[in-house]
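A.B. asks: There's a structure below that I have some questions on.
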Amino acid sequence: MPQPFSSHANTLWHAAEPDDVVAALGSDTVSGLTETEVARRREQAGWNRLTPRKGKGPLLLFLLQFHQPLIYILLVSGAVTAFLQEWVDSGVIFGVVLVNAIIGFIQEANALKAIEALAHTLSVSATVLRDGERRVIPALELVPGDIVFLLSGDKVPADLRLLRTRDLQIDESALTGESVPVQKHSAPLAEGTLLADRACMAYTSALVTYGSSTGVVVETGDRTEIGRINRMIASATDLDTPLTQKISEFSNLLMWIIIGFAAITFAVGWLRGESALEMFMASVALAVGAIPEGLPAALTITLAIGVSRMAKRHAIIRKLPAVETLGGTTVICSDKTGTLTQNQMTVLAVYAGGELFEVSGGGYAPEGEFRRQGRRIEPQDHPALMSCLRAGVLCNDARLVTDDKGWRIEGDPTEGALLVAARKAGFHEPHVHEAYPRLDAIPFESQHQFMATLHHAVDEDAHYVCLKGSVESLLSRCDSAYDAAKNRVPLDAAAIHAQVDALTARGLRVLAFARGDHASEDETVDHHEVKEGLVFLGLQGMIDPPRAEAVRAVAACQAAGIRVKMITGDHPGTAGAIARDLGLLRPRRLQLLFGIAPTGPVLTGAELLDLDDEAYRKLVQECDVYARVAPEQKLRLVRALQSLGQVVAMTGDGVNDAPALRQADIGVAMGKSGTEVAKEAAAMVLTDDNFATLEAAVEEGRGVFDNLVKFIAWTLPTNIGEGLVIMAAVFAGAALPILPVQILWINMSTAVLLGLMLAFEPKEPGIMARRPRDPAQPLLTRRLVFRIFLVGLLLLAGAFGLFQWELAQGEPLAKARTVAVNVFVFGELFYLFNCRSLEYSMLHVGLFSNPWVIGGVSLMAALQVLFTYAPFMNLWFGSEAIGLEEWVLILAASWITYVVIGVEKWLGRRWPGRIR
């Protein structure tokens with residue numbers, strides 16, 4: 001009787017012999033499982049699918065959009081305006097709340113589709129052995145112990161322990177980050193073997209690219225490696241962004257300040273003998289004045305404008321606050337394959353005829369040239385080079401094709417790289433195969449480590465064999481080589497090994513090539529005919545190269561003070577070579593600090609496993625390149641950086657990146673090569689799969705944050721000034737200089753026509769030369785707080801002073817209030833030009849660089865004239881026409897505000913250390 005499956009939960013299947021695995025699972029390689037046994041096991045193990053996480057219902061998800069301090073403030077504003085029977089203003093405020101809630105609901109609902117996308121990865125079929133017969137069934141029906149057959153092109157339907165293989169290669173890049181298909185076998189491995197090195201295992205959702213195999217199902221559904229990632233995605237925390245955290249803190253503080261000042265105002269007036277109703281209305285006026293009604297709308301619109309700008313630069317934002325988060329990013333953790341690299345194997349060096357040739361170009365586009373000792377050469381003038389490249393075309397099963405999307409490879413990426421290198425030298429595969437038609441072949445087998453093809457040379461009317469494979473396998477079969485002129489000379493194995501060492505030190509994957517004569521009457525080839533006496537043709541070294549634009553982008557990020565870390569499941573040597581090209585490697589003090597000896601400047605996942613949390617946090621500050629990293633280690637790395645106060649952006653495209661993408665402050669997925677799982681888990685998607693787009697996105701993010709701070713620095717002085725005017729009037733026992741309905745007019749009209757225009761401000765010069773913002777730095781610096789209160793006091797002095805001046809001149813109360821309202825509006829209007837740059841004058845950014853400001857100012861001035869002189873506005877808002885003398889005083893007070901802040905900014909630049 002088979003053991004219960006729970007007893008196999010921690011079994012190291014990769015370390016067990018194939019027969020022992022089959023026996024432990026109670027299966028049979030001859031007849032497979034019976035349908036009765038399958039039904040019994042399904043009762044224990046369940047269906048082969050991922051369990052979706054129970055999420056919030058649509059109603060709760062929608063209602064939670066109102067559970068934010070800023071929304072509380074808006075709801076209070078709407079309730080107050082409704083209480084005052086100002087239905088239009090109340091409707092506008094509640095409309096803003098509703099729109100914000102709808103947008104947030106849609107975004108969050110989309111963001112929670114990641115696990116659903118993961119479940120779709122199991123929607124495949126499987127060929128199994130049941131009751132002694134081969135059957136094709138949905139992968140959903142697999143159970144542990146099922147015998148499964150894999151062929152080229154199949155998607156692995158469950159986690160399998162391989163029992164028999166034939167030339168099996170599996171693309172596991174989405175799971176492990178390995179850039180090329182992995183050669184698989186059935187031999188057991190050491191217990192401590194990492195996931196990416198478990199060559200006797202095949203994991204769910206991986207793709208069979210070559211060969212065939214038989215395996216036994218060891219895990220299904222949630223217990224597979226994909227299921228483990230699913231659980232990590234579910235456990236990864238959806239963090240508030242730095243912006244939302246700061247806005248939340250600011251809103252909470254502002255709410256209590258408003259309540260406190262309103263209570264003080266009511267108490268002081270009541271104690272002075274004023275009626276409770278009047279003091280209540282005064283407190284309401286103070287609260288309405290102090291609440292920045294336009295802030296949530298400005299926040300949303302500014303972020304939305306950032307989204308639009310980023311979309312034009314190939315970055316699609318899925319969560320609005322992610323726009324600003326990018327601008328505050330201090331560390332970018334990037335996957336290597338397909339993100340920093342092209343995900344297209346490329347031959348960079350060829351050693352033939354005793355000479356080393358460098359090959360330019362990258363990817364599958366056959367564009368590039370050959371150089372020797374730094375000088376460009378014509379490959380046709382080097383016969384030994386041509387023979388090596390020709391062998392790469394003949395001993396090859398891939399195809400190089402082009403379509404409207406560009407060049408691509410059908411078949412193995414390594415073989416594709418050989419075709420591209422040959423194309424650069426002038427070889428065209430159909431012509432080569434026509435001149436050297438294939439007669440027979442020995443397919444690649446892991447135990448032999450080579451592939452051989454037999455060809456008929458039409459022009460020579462002769463047969464010969466071409467071989468490609470590992471250096472060790474081919475050198476042992478060769479006794480001679482070609483020199484530069486293609487003369488046969490004795491084999492110099494030491495020189496060849498020296499070249500191999502030099503190429504592998506560069507992180508290149510090296511293949512060797514050879515040829516041998518063959519009897520013309522025999523049109524088949526077998527192993528004994530290629531055992532010895534071959535001619536060594538040369539070496540070809542290849543790598544998945546870094547994108548040229550990624551190199552520039554990494555340099556730009558580093559110049560902007562952003563640390564870039566590369567995290568990959570690939571080999572340490574390859575990771576190190578790519579990191580050197582990207583400029584990521586620097587001398588480190590790892591051995592001194594931790595007593596470990598990393599693989600050069602690259603750390604592997606195995607070296608990280610035994611570190612405690614404290615040592616781990618210190619380590620991640622020192623090292624920038626990590627290889628052979630498992631999915632949960634990426635998640636731990638992101639969390640460690642966040643615990644150090646870093647704002648972390650994580651880029652990636654594979655299933656293995658999804659948990660870390662969700663945990664990061666901002667997850668960035670690749671649009672073209674990225675899996676649906678990665679896209680759904682990310683906050684941003686790069687449609688061009690280009691790491692360089694991140695530089696543009698960071699720049700836009702910094703611009704968005706600047707504009708948000710500019711809006712806050714612009715709007716708060718008005719709220720402070722209005723609150724102070726009400727308090728001053730109550731404390732002085734005077735009439736209110738501005739009424740609640742007038743306060744609403746000031747706040748709503750100026751927020752829309754003046755403040756929102758700052759959302760369209762272009763990025764200031766030198767924005768990427770600044771260091772990243774300190775995540776612990778408050779939203780408003782001490783210098784900006786000082787400026788905000790300074791402007792608030794100037795507005796208080798101007799409005800209350802002119803209000804009292806008008807009354808002293810015997811003017812009606814309505815006219816005096818109209819003057820006070822205009823002081824606030826035009827004071828904000830003039831101050832708006834100060835806020836176009838927080839450090840410099842508006843001339844620094846260009847007077848007409850933001851035409852929206854000019855338009856908004858013009859319309860606001862026109863509306864204020866309407867407010868002052870139109871009879872219906874006089875009726876609605878209690879305003880009254882004023883004369884030329886009043887306008888001169890109003891504009892003079894506003895101009896003083898502009899000049900004072902201009903001087904304050906100049907002093908700040910001259911003595912930057914005095915006020916920060």
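The values are calculated or read from the model by the stated rules, or taken from the named source; none is laboratory data. Note that this is a predicted model, so its numbers are computed, not measured. Cβ sites come from the backbone with ideal geometry, for glycine too, and all protein chains shown count toward neighbours. These accessible areas exclude ligands, DNA and RNA; they are computed on the full protein's heavy atoms, side chains included. Shrake-Rupley method; radii C 1.70, N 1.55, O 1.52, S 1.80 Å.
A.B. asks: Out of segment 602-651, which residues are crowded, with 24+ Cβ neighbours inside 10 Å, assigned to a strand (DSSP E or B) and among the β-branched types (Val, Ile, Thr)?
C.D. replies: If the condition is that a residue be crowded, with 24+ Cβ neighbours inside 10 Å, assigned to a strand (DSSP E or B) and among the β-branched types (Val, Ile, Thr), then Val602, Val625, Val648, Thr651 are the ones that fit.
A.B. asks: Take the residues in segment 218-240 that are of a type in the set (Asp, Glu) and modelled with pLDDT of 60 or more; name whichever of them is farthest from the chain's Cα centre (by Cα).
C.D. replies: Here the answer is Glu219.
A.B. asks: Could you grab the pairs with beta carbons closer than 8 Å, sequence gap of 6+ or different chains, first residue in segment 153-165 and on the phi > 0 side of the Ramachandran plot, second one open to solvent by less than 10 Å² (accessible area, probe 1.4 Å)?
C.D. replies: Gly153/Val208
A.B. asks: Still on this structure: Under 6 Å between Cβ atoms, at least 6 apart or on separate chains: pull out the pairs that start in segment 422-434 with a residue that is over 12 Å from Asn396 (Cα atoms) and end on any residue that is open to solvent by less than 70 Å² (accessible area, probe 1.4 Å).
C.D. replies: Taking only residues 6 or more apart or on different chains, the pairs are Arg423/Pro366; Lys424/Pro366; Lys424/Gly368; Ala425/Pro379; Ala425/Leu389; Phe427/Val393.
A.B. asks: Regarding Tyr831, is this residue among the hydroxyl-bearing types (Ser, Thr, Tyr) and assigned to a loop (DSSP other than H, G, I, E, B)?
C.D. replies: In short, no.
A.B. asks: So, of the residues in segment 790-840 that are among the charged types (D, E, K, R) and buried (at least 18 other Cβ atoms within 10 Å of the Cβ), which turns out to be farthest from Lys905 (Cα to Cα)?
C.D. replies: My answer is Glu811.
A.B. asks: Looking at His433, His456, can you tell me which residue is farther than 14 Å from Gly516 by Cβ and under 48 Å from the mean Cα position of the chain (by Cα)?
C.D. replies: The match here is His433.
A.B. asks: Just the residues that are in a helix (DSSP H, G or I) and modelled with pLDDT of 85 or more, please, taken from segment 39-60.
C.D. replies: Across segment 39-60, the qualifying residues are Ala39, Arg40, Arg41, Arg42, Glu43, Gln44, Ala45.
A.B. asks: Taking Val180, is it under 15 Å from Ala126 (Cα atoms), in contact (Cβ under 8 Å) with a residue 24 or more places away in the chain and β-branched (Val, Ile, Thr)?
C.D. replies: no
A.B. asks: For segment 557-575, what are the residues that are surrounded by 17 or more Cβ atoms within 10 Å (Cβ to Cβ) and either modelled with pLDDT of 85 or more or not in a helix (DSSP H, G or I) (or both)?
C.D. replies: If the condition is that a residue be surrounded by 17 or more Cβ atoms within 10 Å (Cβ to Cβ) and either modelled with pLDDT of 85 or more or not in a helix (DSSP H, G or I) (or both), then Cys557, Ala560, Ile562, Arg563, Val564, Lys565, Met566, Ile567, Thr568, Gly569, Asp570, His571 are the ones that fit.
A.B. asks: In segment 352-388, how many are of a type in the set (A, V, I, L, M) and without any contact (Cβ under 8 Å) to a residue 60 or more places away in the chain?
C.D. replies: 3
A.B. asks: Another question about this same structure. I need a count of the residues in segment 731-759 that are part of a helix (DSSP H, G or I) and over 49 Å from the mean Cα position of the chain (by Cα).
C.D. replies: Of the residues in segment 731-759, 2 are part of a helix (DSSP H, G or I) and over 49 Å from the mean Cα position of the chain (by Cα).
A.B. asks: State yes or no: is Leu439 surrounded by 15 or more Cβ atoms within 10 Å (Cβ to Cβ) and either free of Cβ contacts under 8 Å to residues at least 12 places away in the same chain or over 21 Å from Met542 (Cβ atoms) (or both)?
C.D. replies: So Leu439 passes the test.
Matching residues to (1) touching a Pro at 6+ places or on another chain (Cβ under 9 Å); (2) farther than 23 Å from Ala349 by Cα; (3) open to solvent by 60 Å² or more (accessible area, probe 1.4 Å):
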position	(1), (2), (3)
Ala425	yes, no, no
His431	no, yes, yes
Asp479	yes, yes, yes
Lys486	yes, no, yes
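A.B. asks: Name every residue in segment 850-885 that is outside any helix (DSSP H, G or I), open to solvent by less than 20 Å² (accessible area, probe 1.4 Å) and more than 30 Å from Pro762 (Cβ to Cβ), in order of residue number.
C.D. replies: Ala870, Ser879, Ile882 - these are the residues of segment 850-885 that are outside any helix (DSSP H, G or I), open to solvent by less than 20 Å² (accessible area, probe 1.4 Å) and more than 30 Å from Pro762 (Cβ to Cβ).
A.B. asks: Mind checking whether some residue in segment 667-680 is closer than 22 Å to Thr568 by Cβ, touching a helix residue (DSSP H, G or I) at 6+ places or on another chain (Cβ under 9 Å) and modelled with pLDDT of 85 or more?
C.D. replies: Yes, some residue in segment 667-680 is closer than 22 Å to Thr568 by Cβ, touching a helix residue (DSSP H, G or I) at 6+ places or on another chain (Cβ under 9 Å) and modelled with pLDDT of 85 or more.
A.B. asks: Let me ask something else about it. Residues being part of a strand (DSSP E or B) and on the phi > 0 side of the Ramachandran plot: count how many of those fall in segment 181-212.
C.D. replies: Count: 1.
A.B. asks: Of the conditions (1) open to solvent by 20 Å² or more (accessible area, probe 1.4 Å); (2) modelled with pLDDT under 90; (3) part of a loop (DSSP other than H, G, I, E, B), Thr504 fails just one. Which one is it?
C.D. replies: (3)
A.B. asks: Out of (1) under 30 Å from the mean Cα position of the chain (by Cα); (2) more than 25 Å from Phe444 (Cβ to Cβ); (3) modelled with pLDDT of 80 or more, what's the single condition that is false for Val208?
C.D. replies: All conditions are met except number (2).
A.B. asks: Here's a check for you: in segment 762-793, which residue that is of a type in the set (A, V, I, L, M, F, W, C) and either assigned to a loop (DSSP other than H, G, I, E, B) or over 17 Å from Leu716 (Cβ atoms) (or both) is modelled with the lowest pLDDT?
C.D. replies: Result: Ala776.
A.B. asks: Being without any contact (Cβ under 8 Å) to a residue 60 or more places away in the chain, part of a loop (DSSP other than H, G, I, E, B) and surrounded by 12 or more Cβ atoms within 10 Å (Cβ to Cβ) is the filter here, so list the residues in segment 521-537 that pass it.
C.D. replies: Within segment 521-537, Asp522, Gly533 meet the criteria.
A.B. asks: Moving to a separate point now. Can you name the residue in segment 184-197 that is open to solvent by 50 Å² or more (accessible area, probe 1.4 Å) and either over 14 Å from Pro18 (Cβ atoms) or under 26 Å from the mean Cα position of the chain (by Cα) (or both) and is also modelled with the highest pLDDT among such residues?
C.D. replies: Ala190
A.B. asks: Test Gly215 against the stated conditions and say whether it is modelled with pLDDT of 85 or more, outside any helix (DSSP H, G or I), open to solvent by less than 10 Å² (accessible area, probe 1.4 Å) and over 28 Å from Leu340 (Cβ atoms).
C.D. replies: yes
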